[in-house]
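Structure first, commentary second.
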């Protein structure tokens, strides 16, 4: 068993990719506004490296706004088929422009146009406003390149603590917590 939580997470994610029928990279992202009011929603993990966990969004969305104003967040991965979960707590920072551009071009054309069309988390004036905006941006970009909007980027959550939870009989679950101690990771176990 590794003492590096990033490596252990990669092992668990690979196992989830074999078992979970849909989006094994789906994760609950918890943020809080300036008043401390928490908010949680599902996002898709797009990268994991020694710097942290990367996901992308519209920076003008509720989550984007909250992460910019309060750069702390938590993630919770739950893989029901494996009876496992991973909780991550840490600080967030925007990815660099190059990384955002590189990921944006991997998205489908319609998803790239959708990034322009959707005023994510904003109120629509009428039910079909999104469809009208999709038509507008589809026509605008025709068959050419769809550039990344300046208001769309990614965040990297740098973990300070990562908890690995495994279901065990009689609700005697295993909880292994890695916590940052400077540049090193220390480990502790928690009662279920």
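The values are calculated or read from the model by the stated rules, or taken from the named source; none is laboratory data. As the structure is a computational prediction, the values presented were derived from the model and not from experiment. Cβ placement follows ideal geometry from the backbone for every residue including glycine, while neighbour counts extend to all protein chains displayed.
Quick one: which residue in 2, 31, 91 is touching a strand residue (DSSP E or B) at 6+ places or on another chain (Cβ under 9 Å) and closer than 25 Å to residue 188 by Cα?
Residue meeting the stated conditions: 91.
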>> Residues that are at pLDDT below 95, surrounded by 13 or more Cβ atoms within 10 Å (Cβ to Cβ) and on the phi > 0 side of the Ramachandran plot: does segment 102-120 have at least one?
In response: no
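Checking the condition touching a residue at least 12 places away in the same chain (Cβ under 8 Å) and within 14 Å of the chain's Cα centre (by Cα), which residue from 89, 99 passes?
89
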> If you check 108, 121, 61, which single one turns out to be touching a strand residue (DSSP E or B) at 6+ places or on another chain (Cβ under 8 Å) and either assigned by TED's automatic domain parsing to the domain that holds residue 34 or more than 30 Å from residue 191 (Cα to Cα) (or both)?
Replying inline: 121
> Do we have any residue at all in segment 167-180 that's in contact (Cβ under 8 Å) with a residue 12 or more places away in the chain and touching a helix residue (DSSP H, G or I) at 6+ places or on another chain (Cβ under 6 Å)?
Replying inline: yes
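If a residue has to be out of contact with any strand residue (DSSP E or B) (no Cβ under 6 Å at 6 or more places or on another chain) and more than 21 Å from residue 175 (Cβ to Cβ) to count, how many in segment 64-85 make the cut? Lay out the reasoning, then the answer.
Residues of segment 64-85 that are out of contact with any strand residue (DSSP E or B) (no Cβ under 6 Å at 6 or more places or on another chain), as a first pass: 65, 68-69, 79-83.
From what's left, more than 21 Å from residue 175 (Cβ to Cβ): 65, 68-69.
Here the count works out to 3.
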>> So for segment 68-82 (the condition being over 29 Å from residue 10 (Cα atoms), crowded, with 16+ Cβ neighbours inside 10 Å and modelled with pLDDT of 95 or more), does at least one residue qualify?
In response: no
> Within the group 23, 96, 33, which residue is surrounded by fewer than 17 Cβ atoms within 10 Å (Cβ to Cβ), assigned by TED's automatic domain parsing to the domain that holds residue 176 and modelled with pLDDT under 95?
Replying inline: 33
> Inside segment 1-44, can you point out the residues that are in a loop (DSSP other than H, G, I, E, B), in contact with a helix residue (DSSP H, G or I) (Cβ under 8 Å, 6 or more places away or on another chain) and closer than 19 Å to residue 155 by Cβ?
Replying inline: 25, 33, 34
>> Looking at 177, 146 in this structure, which one is over 23 Å from residue 10 (Cβ atoms) and over 17 Å from the mean Cα position of the chain (by Cα)?
In response: 146
